[in-house]
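Enquirer: Quick one: the structure is below, questions incoming.
The values are calculated or read from the model by the stated rules, or taken from the named source; none is laboratory data. Since the structure is predicted, the reported quantities are computational estimates derived from the model, not experimental observations. Cβ coordinates were reconstructed from backbone atoms using ideal geometry, including for glycine residues, and neighbour counts include every protein chain displayed.
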Amino acid sequence: MSAKIRKILVTVEETHREMDRAILPPTRKAVAGAVIENPFAGVFVEDLTPLMDIGAELGALLGARCVAALGIPPAAAESYGKSAMVGEAGELEHAAAILHPKLGAPLRKAVEKGAALVASTKKMGSPGQVLDVPLGHKDAAYVRSHFDGMEVRLSDAPRAGEILVAVAVTDSGRPLPRVGGPTQEEARGKTG
Amino acid sequence: MPEVRLRKTLITVEEIYHEGGPPPATPLFRAAALAVIENPFAGRYVADIAHFMEPLNPLGAALAATLIARLGGAARVEGYGKGAIVGTAGEVEHGALWHAPGGYAMRGLLPNPAAIVPSTKKVGAPGTTLDVPLSHITASYVRSHFDAMEVSVADAPRAGEMVLVLVMSTGPRIHNRAGGLAAQDMIGKDGLR
């Protein structure tokens, strides 16, 4: 089963200035969201394999959309995250089936590599609700400068029988990181 | 003259394939460009503000060019609109400064932009949503192209900021069937029909 996509949203945010300090180069984050039909809305289905396959499809599609929107080579991606919001006729487990079994591998391919866990959130929701996509460094999950998040929100989704699936990718960390911890330079990117 | 101090930009592109009906051959694209800038008049009443329009011209041109590029070129743009959200230390009149620089930036880059650029504005807090109207670039009465795009920025506008918005679309509403003047029947001279 492939995803039945109603719409796709891609947003790029650039921060040029914060607390009256210039951010050079600007930090840049992208989020790509797809609104899909929930094939299991309104019914309990034991085998969620079709949603796992949809997750794989969307990991590749949305990861590539983020990288393209940032205009960077895939290797220049620095952090990533994934989220899903399930419309009211579905169940939270549908989000889990999309996000966890198969979405990560094609997403990592879209950003060339990624040793670290892909941070995630999920929730049930309705049109207009905000979905906060968490962000963590793609090669070393403990790189503190890259813990962040990005909002995605659509006024008309997810309808009851839909799921909003989102992937976020950046080419940078927070604008003014100064809370210590392991740095990107120290991260070897092998164990994640 | 105050300079434009840009804190952040957001560029959003929405691709709409269907809304429950038969998917058209080409999806509808709607795009919004948002700039978060310092409001140089925040916190006090300033009588003479019109001079701040000129420094906004390059910002308008840059946002309009970005939207056109994201939508695949000026020839594909059929609808436009603009808006502003003024942070709570400002007044709605500050948002009105965007009318000329925002509108003429788009009209300067698009073919036959005879129609007025529809707009909306308000004072609001960070995360406030703004429904930015969209209508046909050549003839305002083309009913299929009346639409809107909702925008917001989680952390803007702060009290002393403004969010300035331009939006463009590549075609009619996805399942438009409410009649009225059709794009192929417009005259294209007076901006209305």
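Enquirer: May I ask you to verify whether B:Gly102 is over 24 Å from A:Met19 (Cβ atoms) and not acidic (Asp, Glu)?
Expert: Numbers: over 24 Å from A:Met19 (Cβ atoms): yes; not acidic (Asp, Glu): yes.
Taking the combined requirement at face value, the residue satisfies it.
Enquirer: Within the range B:73-80, is there a residue that is within 30 Å of B:Gly179 (Cα to Cα), acidic (Asp, Glu) and touching a residue at least 60 places away in the same chain (Cβ under 8 Å)? It would help to see each step written out before you state the result.
Expert: Taking the range B:73-80 and keeping what is within 30 Å of B:Gly179 (Cα to Cα), we get B:73-80.
Those left that are additionally acidic (Asp, Glu): B:78.
Remaining after also requiring touching a residue at least 60 places away in the same chain (Cβ under 8 Å): B:78.
Within the range B:73-80 (the criterion being within 30 Å of B:Gly179 (Cα to Cα), acidic (Asp, Glu) and touching a residue at least 60 places away in the same chain (Cβ under 8 Å)), the answer is yes, since at least one residue qualifies.
Enquirer: Also, quick follow-up: Any residue in the range B:38-55 that is within 13 Å of chain A (Cβ to nearest Cβ), in contact with a Leu (Cβ under 7 Å, 6 or more places away or on another chain), crowded, with 19+ Cβ neighbours inside 10 Å and closer than 26 Å to A:Thr170 by Cβ?
Expert: First, pick out the residues of the range B:38-55 that are within 13 Å of chain A (Cβ to nearest Cβ): B:38.
Imposing the further condition that a residue be in contact with a Leu (Cβ under 7 Å, 6 or more places away or on another chain) reduces the set to none.
No, the range B:38-55 contains no residue that is within 13 Å of chain A (Cβ to nearest Cβ), in contact with a Leu (Cβ under 7 Å, 6 or more places away or on another chain), crowded, with 19+ Cβ neighbours inside 10 Å and closer than 26 Å to A:Thr170 by Cβ.
Enquirer: What are the residues in the range B:145-193 that are touching a residue at least 40 places away in the same chain (Cβ under 8 Å), assigned to a loop (DSSP other than H, G, I, E, B) and hydrophobic (A, V, I, L, M, F, W, C), if any?
Expert: B:Ala159, B:Ile174, B:Ala182, B:Met186, B:Ile187, B:Leu192
Enquirer: Scan the helices (runs of 4 or more DSSP H) fully inside the range A:32-150 and keep the ones with 3 or more residues being over 30 Å from A:Pro177 (Cα atoms) and touching a residue at least 12 places away in the same chain (Cβ under 8 Å).
Expert: Fully inside the range A:32-150 and qualifying: A:49-70, A:92-99.
Enquirer: Taking the options B:Pro27, B:Pro58, name whichever one is surrounded by fewer than 15 Cβ atoms within 10 Å (Cβ to Cβ) and not small (Gly, Ala, Ser). Steps first, answer last, please.
Expert: Details: B:Pro27 fails: surrounded by fewer than 15 Cβ atoms within 10 Å (Cβ to Cβ).
Step by step, each of B:Pro27, B:Pro58 is checked, and only B:Pro58 is surrounded by fewer than 15 Cβ atoms within 10 Å (Cβ to Cβ) and not small (Gly, Ala, Ser).
Enquirer: Restricting to the range B:1-30, and then to whatever is among the hydrophobic types (A, V, I, L, M, F, W, C) and in a loop (DSSP other than H, G, I, E, B), can you tell me which residue is nearest to the other protein chains (Cβ to nearest Cβ)?
Expert: Applying the first criterion (among the hydrophobic types (A, V, I, L, M, F, W, C)) to the range B:1-30 yields B:1, B:4, B:6, B:10-11, B:13, B:16, B:25, B:28-29.
Filter once more, keeping what is in a loop (DSSP other than H, G, I, E, B): B:1, B:4, B:25.
Values: B:Met1: 19, B:Val4: 11, B:Ala25: 16 Å.
By that ranking, first place goes to B:Val4.
Enquirer: If you don't mind, another one. Could you grab me the full set of residues in the range B:1-20 that are among the hydrophobic types (A, V, I, L, M, F, W, C), more than 21 Å from B:Ala65 (Cβ to Cβ) and at pLDDT 95 or above?
Expert: Pass one, the range B:1-20, residues among the hydrophobic types (A, V, I, L, M, F, W, C): B:1, B:4, B:6, B:10-11, B:13, B:16.
Among the residues that remain, those that are also more than 21 Å from B:Ala65 (Cβ to Cβ) are: B:1, B:16.
Within the range B:1-20, B:Ile16 is the sole residue that qualifies.
Enquirer: OK, next. Go through the range A:1-52 and give me each residue that's among the β-branched types (Val, Ile, Thr) and either within 10 Å of chain B (Cβ to nearest Cβ) or over 25 Å from A:Pro106 (Cβ atoms) (or both).
Expert: Passing the criteria: A:Ile5, A:Ile8, A:Val10, A:Thr11, A:Val12, A:Thr15, A:Ile23, A:Thr27, A:Val31, A:Val35, A:Val43.
Enquirer: Looking only at residues in the range B:31-90 that are part of a helix (DSSP H, G or I) and among the charged types (D, E, K, R), which one is farthest from B:Arg158 (Cα to Cα)? So that I can check it myself, show each step before the final result.
Expert: The first filter runs over the range B:31-90 and keeps only residues part of a helix (DSSP H, G or I), leaving B:50-70, B:74-76.
Imposing the further condition that a residue be among the charged types (D, E, K, R) reduces the set to B:54, B:70, B:76.
Values: B:Glu54: 23, B:Arg70: 28, B:Arg76: 35 Å.
Here the residue is B:Arg76.
Enquirer: Looking only at residues in the range A:151-176 that are in contact with a Lys or Arg (Cβ under 7 Å, 6 or more places away or on another chain) and in a loop (DSSP other than H, G, I, E, B), which one is farthest from the other protein chains (Cβ to nearest Cβ)?
Expert: The residue in question is A:Asp171.
Enquirer: Just give me the residues in the range B:100-144 being in a strand (DSSP E or B), farther than 17 Å from B:Asn176 by Cβ and not small (Gly, Ala, Ser), in sequence order.
Expert: Taking the range B:100-144 as the starting set, the residues that turn out to be in a strand (DSSP E or B) are B:119-123, B:130-136, B:142.
Remaining after also requiring farther than 17 Å from B:Asn176 by Cβ: B:119-123, B:130-132.
B:Thr120, B:Lys121, B:Lys122, B:Val123, B:Leu130, B:Asp131, B:Val132, listed by residue number.
Enquirer: I've got another one for you. Out of all the residues in the range B:95-118, which are of a type in the set (Phe, Trp, Tyr) and surrounded by fewer than 23 Cβ atoms within 10 Å (Cβ to Cβ)? Give the steps one after another, and end with the answer.
Expert: Residues of the range B:95-118 of a type in the set (Phe, Trp, Tyr): B:98, B:104.
Hit for the range B:95-118 is B:Tyr104, nothing else.
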